[in-house]
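Peer 1: Provided herewith is a single structure, encoded as structure tokens, for subsequent inquiry.
The values are calculated or read from the model by the stated rules, or taken from the named source; none is laboratory data. Bear in mind the structure is a predicted one, so any value in this text is a computation, not a measurement. Cβ placement follows ideal geometry from the backbone for every residue including glycine, while neighbour counts extend to all protein chains displayed.
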Amino acid sequence: MNLEVVLETLSASFVPVMAAIILAHGLLHNAPVYDYFIDGAKKGLQTAIEILPFLIGIYLAINSLTASGLIGFLYHLLDPLFRLLHIPVQLLPLMLLRAVSGSGSFIIVQNILEEVGPDSYAGRTACVMAGGCETVIYVLALYFSVTKVTRMRHAFACGLIAYLAGIAVSLLICRFL
């Protein structure tokens with residue numbers, strides 16, 4: 001049996017096996033497993049309902065910025081600076097969107113990889129950036145709003161500094177390694 005078949009089998013069976021282990025453990029300890037499941041599902045749906053308006057707001061903000069042409073304007077405005085610093089211009093949309101949307105940024109990474117290839121400087125940097133930079137604005141908007149935190153000024157500043165550091169480190173690592 002080759003390793004790929006073993007890994008595929010483990011991957012496909014992981015969730016059902018974990019569910020069976022949890023059920024067996026609950027039944028072994030005479031726990032009301034179904035009641036716990038229903039309570040967890042109710043709490044999960046409640047959390048989803050609480051988060052939904054913030055997700056819609058972020059989605060609308062991204063689409064508004066894109067439709068207004070602001071993203072395109074920034075792209076053309078920063079293009080000379082990127083060329084001067086030898087930063088691939090393909091990375092600019094990723095740098096702008098990664099702080100806001102994780103899934104949206106992966107689409108940009110895919111486009112970069114299709115355009116310039118995975119072994120190019122831009123391709124490698126896009127992958128490192130997608131894995132090493134946090135969705136700062138998304139996290140702040142979502143978690144701070146759900147936890148009812150209203151003063152996030154310092155968290156926002158620290159998050160953006162860390163985000164910019166992640167971009168810089170991604171560029172440096174991929175340039176010299």
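Peer 1: Report yes if Leu160 is surrounded by 16 or more Cβ atoms within 10 Å (Cβ to Cβ), assigned to a helix (DSSP H, G or I) and touching a helix residue (DSSP H, G or I) at 6+ places or on another chain (Cβ under 9 Å), otherwise no. Outline the logic, then answer.
Peer 2: Values: surrounded by 16 or more Cβ atoms within 10 Å (Cβ to Cβ): no; assigned to a helix (DSSP H, G or I): yes; touching a helix residue (DSSP H, G or I) at 6+ places or on another chain (Cβ under 9 Å): yes.
For Leu160, the condition - surrounded by 16 or more Cβ atoms within 10 Å (Cβ to Cβ), assigned to a helix (DSSP H, G or I) and touching a helix residue (DSSP H, G or I) at 6+ places or on another chain (Cβ under 9 Å) - is not met.
Peer 1: Can you pull out the residues in the range 33-60 that are closer than 20 Å to Val149 by Cα, β-branched (Val, Ile, Thr) and surrounded by 10 or more Cβ atoms within 10 Å (Cβ to Cβ)? Full working, then the answer.
Peer 2: Within the range 33-60, the subset closer than 20 Å to Val149 by Cα is 46-58.
Then drop every residue that is not β-branched (Val, Ile, Thr), which leaves 47, 49, 51, 56, 58.
The answer is Thr47, Ile51, Ile56, Ile58.
Peer 1: State whether one or more residues within the range 18-32 are surrounded by fewer than 11 Cβ atoms within 10 Å (Cβ to Cβ) and within 22 Å of the chain's Cα centre (by Cα).
Peer 2: No, that holds for no residue.
Peer 1: Condition (residue is of a type in the set (Phe, Trp, Tyr), part of a helix (DSSP H, G or I) and touching a helix residue (DSSP H, G or I) at 6+ places or on another chain (Cβ under 7 Å)) applied to the range 90-109: is it met by at least one residue?
Peer 2: Taking the range 90-109 first, the residues of a type in the set (Phe, Trp, Tyr) are 106.
Next cut, part of a helix (DSSP H, G or I) only: 106.
With touching a helix residue (DSSP H, G or I) at 6+ places or on another chain (Cβ under 7 Å) added as a condition, the list becomes 106.
Among the residues of the range 90-109, at least one is of a type in the set (Phe, Trp, Tyr), part of a helix (DSSP H, G or I) and touching a helix residue (DSSP H, G or I) at 6+ places or on another chain (Cβ under 7 Å), which makes the answer yes.
Peer 1: Do we have Phe82 as without any contact (Cβ under 8 Å) to a residue 12 or more places away in the chain and part of a helix (DSSP H, G or I) here? Please lay out each step first, then the result.
Peer 2: Working: without any contact (Cβ under 8 Å) to a residue 12 or more places away in the chain: yes; part of a helix (DSSP H, G or I): yes.
Judged against the criteria, Phe82 is a match.
Peer 1: Tell me, yes or no, whether the range 76-98 has at least one residue that is surrounded by 19 or more Cβ atoms within 10 Å (Cβ to Cβ), at pLDDT 85 or above and under 12 Å from the mean Cα position of the chain (by Cα).
Peer 2: Within the range 76-98 (the criterion being surrounded by 19 or more Cβ atoms within 10 Å (Cβ to Cβ), at pLDDT 85 or above and under 12 Å from the mean Cα position of the chain (by Cα)), the answer is yes, since at least one residue qualifies.
Peer 1: Regarding Pro53, is this residue free of Cβ contacts under 8 Å to residues at least 40 places away in the same chain and within 30 Å of Ile161 (Cβ to Cβ)?
Peer 2: Details: free of Cβ contacts under 8 Å to residues at least 40 places away in the same chain: yes; within 30 Å of Ile161 (Cβ to Cβ): yes.
Considered against the rule, which asks whether it is free of Cβ contacts under 8 Å to residues at least 40 places away in the same chain and within 30 Å of Ile161 (Cβ to Cβ), Pro53 comes out as yes.
Peer 1: Right, here's the next one. Starting from the range 62-73, keep only residues that are assigned to a helix (DSSP H, G or I), then list their pairs with residues that are among the small types (Gly, Ala, Ser) whose Cβ atoms are within a distance under 8 Å, requiring at least 6 positions of separation or different chains.
Peer 2: Between residues of the range 62-73 that are assigned to a helix (DSSP H, G or I) and residues that are among the small types (Gly, Ala, Ser), the close pairs are Ile62/Ser101; Ile62/Gly104.
Peer 1: Continuing with the same structure: For the range 119-149, what are the residues that are of a type in the set (Ser, Thr, Tyr), in contact with a helix residue (DSSP H, G or I) (Cβ under 8 Å, 6 or more places away or on another chain) and at pLDDT below 90?
Peer 2: Of the residues in the range 119-149, the ones of a type in the set (Ser, Thr, Tyr) are 120-121, 125, 135, 138, 143, 145, 147.
Keeping just the survivors that are in contact with a helix residue (DSSP H, G or I) (Cβ under 8 Å, 6 or more places away or on another chain) gives 121, 125, 135, 138, 145.
Of everything in the range 119-149, those that are of a type in the set (Ser, Thr, Tyr), in contact with a helix residue (DSSP H, G or I) (Cβ under 8 Å, 6 or more places away or on another chain) and at pLDDT below 90 turn out to be Thr135, Tyr138, Ser145.
Peer 1: Which of (1) out of contact with any helix residue (DSSP H, G or I) (no Cβ under 9 Å at 6 or more places or on another chain); (2) over 18 Å from Ala122 (Cβ atoms); (3) at pLDDT 80 or above; (4) assigned to a helix (DSSP H, G or I) is the odd one out, the single condition Pro53 does not satisfy?
Peer 2: The one condition Pro53 does not meet is (1).
Peer 1: Another question, if that's okay. Could you list, in sequence order, the residues of the range 1-44 that are in a loop (DSSP other than H, G, I, E, B) and at pLDDT below 90?
Peer 2: Taking the range 1-44 first, the residues in a loop (DSSP other than H, G, I, E, B) are 1-2, 29-32.
Met1, Asn2, listed by residue number.
Peer 1: Give me the residue from the range 112-156 that is surrounded by fewer than 17 Cβ atoms within 10 Å (Cβ to Cβ), over 20 Å from Ala61 (Cα atoms) and among the small types (Gly, Ala, Ser) and, out of that set, nearest to the chain's Cα centre (by Cα).
Peer 2: Gly131
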